[in-house]
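I have placed the structure first, in the form of structure tokens, so that the comments after it can refer back to it.
The values are calculated or read from the model by the stated rules, or taken from the named source; none is laboratory data. Owing to the predicted nature of the structure, the values given are computational and were not obtained by experimental measurement. Cβ sites come from the backbone with ideal geometry, for glycine too, and all protein chains shown count toward neighbours. When the accessible area is computed, the model is the full protein with side chains, heavy atoms only, and any ligands, DNA or RNA have been set aside. Shrake-Rupley method; radii C 1.70, N 1.55, O 1.52, S 1.80 Å.
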Amino acid sequence: MAVIDPANHGLRLATRYAVLVLVAAIFVLPLLFMVMSSLKPTDQLLNDTSSLRAFLPVGDISLQNYYDAFARAPIGLFVFNSILVTVGTVSLSLLLCSLAAFSFTFLKWRGKGLLLSVTLATLIIPFETIAIPLLLLVSKLPWIGLEGFRIGWLNSYHVQIIPWIADALTIFLFVQYFKDLPEELVEAARVAGASWWQVYVRIIMPLSGPVIATGAILKSLKMYNEQYLWPLIVVQQESYRPIMVGLGYFFQLQVAWGEVMAYLSLITVPVLVFYLMLQRAFIASIASTGVKG
Amino acid sequence: MKSKVLFAGAVSVIFANAAPAQTELTMWYHGAGNEVESRLINQIVDDFNASQSDWAVAIQSFPQESYNDSVVAAALAGDLPDIIDVDGPVMPNWAWSGYMQPLPIDEAAYADFLPGPRGVWDGKLYSIGLWDAAVALYARQSTIDALGLRVPTLDNPWSEDEFMAALDAAKASGDFEYALDLGMAWTGEWYPYAFSPFLQSFGGDIVDRSTYKTAEGVLNGDAAIAFGEWWQNLFQGGYAPGTSQDPADRDRGFIEGKYAFGWNGNWAAVAHMAEVDDMLFLPAPDFGNGSTIGAASWQFGISASSEHPDGAAAFIEFALDDKYLAAFSDGIGLIPSTPSAAAMTENYKAGGPLEVFFGLSEAQAVLRPVTPGYVVAAKVFEKALADIANGADVADTLDAAVDEINADIERNGGYGH
């Protein structure tokens with residue numbers, strides 16, 4: 001019969017906490033370094049990198065880097081543009097990809113297995129390989145907007161949104177999640193006379209909180225943090241530039257690293273807020289959408 | 001009758017008050033995020049727009065790091081502006097690729113310009129720059145005195161032996177982490193701009209400039225191999241920090257006394273003078289075929305798709321005024337393109353602290369290979385030098401670089417040479 005040794009229990013607890021602290025430190029220290037560095041003059045920042053002072057608010061601390069960063073680049077505009085593009089893309093992507101996944105999972109039509117395979121196969125194609133053909137395509141597409149009719153999508157928000165709506169990874173996430181939902185729910189709704197649209201809106205999507213949260217987090221991070229090459233080649237006007245292209249404003253011949261850190265700290269705030277908000281929704285949706293078989 | 005008179009009067013008043021509309025010229029510039037540069041270029045634009053009634057320039061600035069990618073993408077999409085700025089060594093590629101058209105300005109407008117700012121390709125002027133850049137050997141007078149060295153001059157630069165003796169003396173003194181800072185932390189265009197003049201001084205080059213159709217013999221000949229072995233010894237012999245150099249040390253290492261000598265540009269000179277009392281800017285060593293440095297910086301040109309080359313040329317010619325050349329020089333520390341503009345500046349006038357750079361640019365500057373293939377050859381050259389610095393076999397590495405450059409030239413049908 002196993003006996004719990006209090007000494008062993010304490011050691012195990014200490015080890016567990018040590019590992020947790022170590023893992024937390026790995027994630028927190030870079031953020032701490034970024035924020036602390038944003039408060040220091042560049043010379044001090046560079047000197048501090050070789051010691052623990054890099055993580056501490058010591059020395060010549062001020063908000064000067066933030067003032068200088070705002071003077072160097074229209075940061076508010078860049079953040080607004082990125083949030084607008086992210087929200088637009090993620091909203092439309094969740095709608096379109098969930099509809100596609102619904103069709104792949106619940107509807108019966110010829111060739112859907114093949115089409116799903118082809119869709120998933122696009123995951124292995126790096127964006128860089130299709131960037132130029134896509135650029136040539138969007139530069140010749142017609143558009144009717146508030147400003148009227150024009151040829152070409154360049155220099156706009158929609159050119160940063162529309163090509164990113166359909167996304168194989170998000171479709172895959174929804175398909176995998178939908179497959180685990182009890183088929184009886186759909187069959188019962190159909191027997192009761194519900195249309196496919198009603199099944200999608202009233203049965204499936206209310207049960208899909210976790211996958212919506214997961215898809216939204218993954219897609220948002222991609223759209224907010226990683227959109228560099230595409231806006232670089234399709235947006236020439238400053239008024240449409242997102243944050244990652246804006247980062248280039250800070251890399252002059254003599255890089256002002258304090259300003260770089262201030263800029264990075266500022267653009268990280270929306271990501272953290274969004275993540276914390278959705279993290280709660282994510283946990284809540286897991287707790288509330290459990291389905292008993 | 002009275003109403004007719006009133007009508008005619010009203011019409012004449014309307015037409016008298018309506019200024020003729022200015023045709024808009026779009027312009028792209030690489031200086032986004034640089035407050036001083038933005039202020040200066042916008043001043044020129046404002047002055048030009050106010051000086052005449054035919055044209056109005058609208059400027060759009062881009063971050064320098066991504067500017068070339070934006071231009072190439074826009075060229076593919078048929079969305080180039082009227083006026084673009086272009087880095088001097090890249091210009092032949094953009095001209096050959098059909099992104100630019102010849103610049104129709106009077107030769108008299110740039111007759112007294114330094115060679116570096118003139119963007120000539122295939123016998124035609126495509127671009128012109130308001131400034132040039134030069135590189136020098138940074139040193140302290142106190143270091144020179146302590147090591148018992150001769151101060152080299154434009155007429156009498158250090159020979160290879162003198163240069164290596166200076167590095168040996170600095171190394172032996174034990175006062176420095178390294179004898180020489182080459183700026184290995186700066187990648188990209190810095191390598192061919194700053195280091196290919198050493199190769200040229202040895203007697204080699206990146207490509208054979210007599211035909212521009214091959215690198216064979218110039219990048220892997222005896223002179224190039226001698227250069228490569230000298231280059232490798234700088235790192236293997238512990239004279240200079242290698243490719244893993246901390247960028248912070250590149251910015252401040254010389255100032256903080258970690259390095260005895262630095263190989264750096266005139267753009268960093270003012271900041272160094274502010275912290276080092278006895279700064280010296282010395283000419284490049286002569287490795288046997290003359291003392292040379294790189295040349296050419298950003299220049300203005302007209303896109304091939306511009307429907308108003310006359311207006312674009314009018315703006316560019318307007319910007320070549322000495323007062324703007326001097327303003328840019330005072331603002332960002334670069335070398336003004338003309339002697340008359342240099343005389344108007346704080347740093348480059350006779351007796352000015354950076355006057356030596358104007359002399360360096362005038363006497364030693366050699367353009368990077370003027371060929372569309374340069375953009376590829378430059379990257380190959382950069383990789384080869386980094387590999388050799390990291391210990392790769394010199395002859396094999398240079399042979400491989402030659403093969404890569406030649407294959408690119410062949411793929412592109414000789415780039416029109």
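Observations on the structure shown:
- Helix-only [θ]222 nm of the protein assembly as shown, DSSP H runs n ≥ 4, -39500 (n - 2.57) each, per residue, nearest 500: -16500 deg cm²/dmol
- For B:A58, the residues 5 or more places off, or on other chains, whose built amide H falls under 5 Å of its own are B:L25, B:T26, B:M27.
- Under Karplus coefficients 6.51, -1.76 and 1.60, residue-wise ³J(HN,Hα) of the stretch B:182-190 in Hz, glycine/proline x: 8, x, 5, 6, 7, 9, x, 5, 4
- Computed FRET value (nearest 0.05) for A:I26 with A:A71, which takes r as the C-beta separation and R₀ as 35 Å: 0.55
- Other residues lying with their Cβ under 10 Å from the Cβ of B:Y29 contribute a combined charge of -2, Lys and Arg counting +1, Asp and Glu -1.
- Modelled label positions at B:D396 and A:L120, each set 7 Å beyond Cα in the direction of Cβ, lie 4.4 nm from each other.
- Largest GNM mean-square fluctuation across A:V28, A:V201, A:V245, computed for chain A with C-alpha springs under 10 Å, falls on A:V28.
- Amide hydrogen proximity for B:I293: with H placed 1.01 Å from N in the peptide plane, the residues at 5 or more positions away or on another chain lying under 5 Å are B:A365, B:V366.
- Accessible-area loss of 40 Å² or more (1.4 Å probe, protein heavy atoms, chain alone versus all protein chains) is found in the stretch A:250-265 for A:F251, A:Q252, A:L253, A:Q254.
- Distance distribution P(r), the protein assembly as shown, all Cα-Cα pairs, bin width 10 angstrom from 0: 3, 11, 19, 21, 19, 13, 8, 5, 2, 0, 0, 0, 0 percent.
- The stretch A:141-166 and the stretch A:9-70 have their alpha-carbon centroids 42 Å apart.
- The loop-placed chymotrypsin sites (Phe, Trp or Tyr not before Pro) in the stretch A:97-154, going by DSSP, that have at most 10 neighbouring Cβ atoms within 10 Å of their Cβ come out as A:W109.
- With a 1.4 angstrom probe, the accessible area lost at the B-A interface totals about 2200 Å².
- Those residues of the stretch A:10-50 for which accessible area with every protein chain present is at least 10 Å² below the isolated value (1.4 Å probe): A:D43, A:L46, A:N47
- Most mobile of B:S159, B:S142, B:S196 in a GNM of chain B (Cα contacts under 10 Å): B:S142
- Amide H partners (placed H, <5 Å) of B:Q299, local residues excluded: B:V86, B:D87, B:G88
- Pairwise label distance in nanometres, B:K383 with B:D112, each label 7 Å out on the Cα-Cβ vector: 4.6 nm
- Inter-chain shielding of A:128-141 (mean C-beta neighbours from other protein chains, 10 Å cut-off): 2
- The residues of the protein assembly as shown expose, per residue, 46 Å² of accessible area to a 1.4 Å probe.
- DSSP beta bridges in the protein assembly as shown [antiparallel fraction, %, rounded to 5]: 65 percent
- Computed extension gain for A:L13 through A:W196, at 0.36 nm per residue and net of the alpha carbon distance, reaches 60.7 nm.
- Cβ-derived FRET efficiency at R0 51 Å, B:E256 paired with B:H417, nearest 0.05: 0.65
- Residues losing 40 Å² or more accessible surface upon assembly, the stretch B:57-84, compared with the chain by itself, 1.4 Å: B:Q60, B:P63, B:E65, B:S66, B:A73, B:L76, B:A77, B:D79
- Under DSSP loop assignment and at most 15 Cβ neighbours within 10 Å, longest GluC sites (Glu not before Pro)-free interval of chain A: A:1-146
- Residue with peak Gaussian network fluctuation, chain B [Cα springs, cutoff 10 Å], from B:A172, B:A56, B:A400: B:A172
- Zone residues, the stretch A:156-171, relative to A:L221, backbone N less than 20 Å from point 7 Å out along Cα-to-Cβ: A:164-171
- GluC sites (Glu not before Pro) within the stretch B:268-320: DSSP coil, no more than 13 neighbouring Cβ in 10 Å: B:E307
- Of the solvent-accessible surface of the protein assembly as shown, computed with a 1.4 Å probe and all protein chains present, 61% belongs to carbon and sulfur.
- In order along the stretch B:32-43, the phi-based Karplus estimate (6.51 cos²θ - 1.76 cosθ + 1.60, θ = phi - 60°) of 3J(HN,Hα) comes to 4, x, 9, 4, 5, 4, 4, 4, 5, 5, 5, 5 Hz; Gly and Pro are listed as x.
- For the stretch A:150-160, Karplus couplings with θ = phi - 60° (6.51, -1.76, 1.60), whole Hz, Gly/Pro x: 8, 9, x, 9, 4, 6, 7, 7, 5, 6, 8
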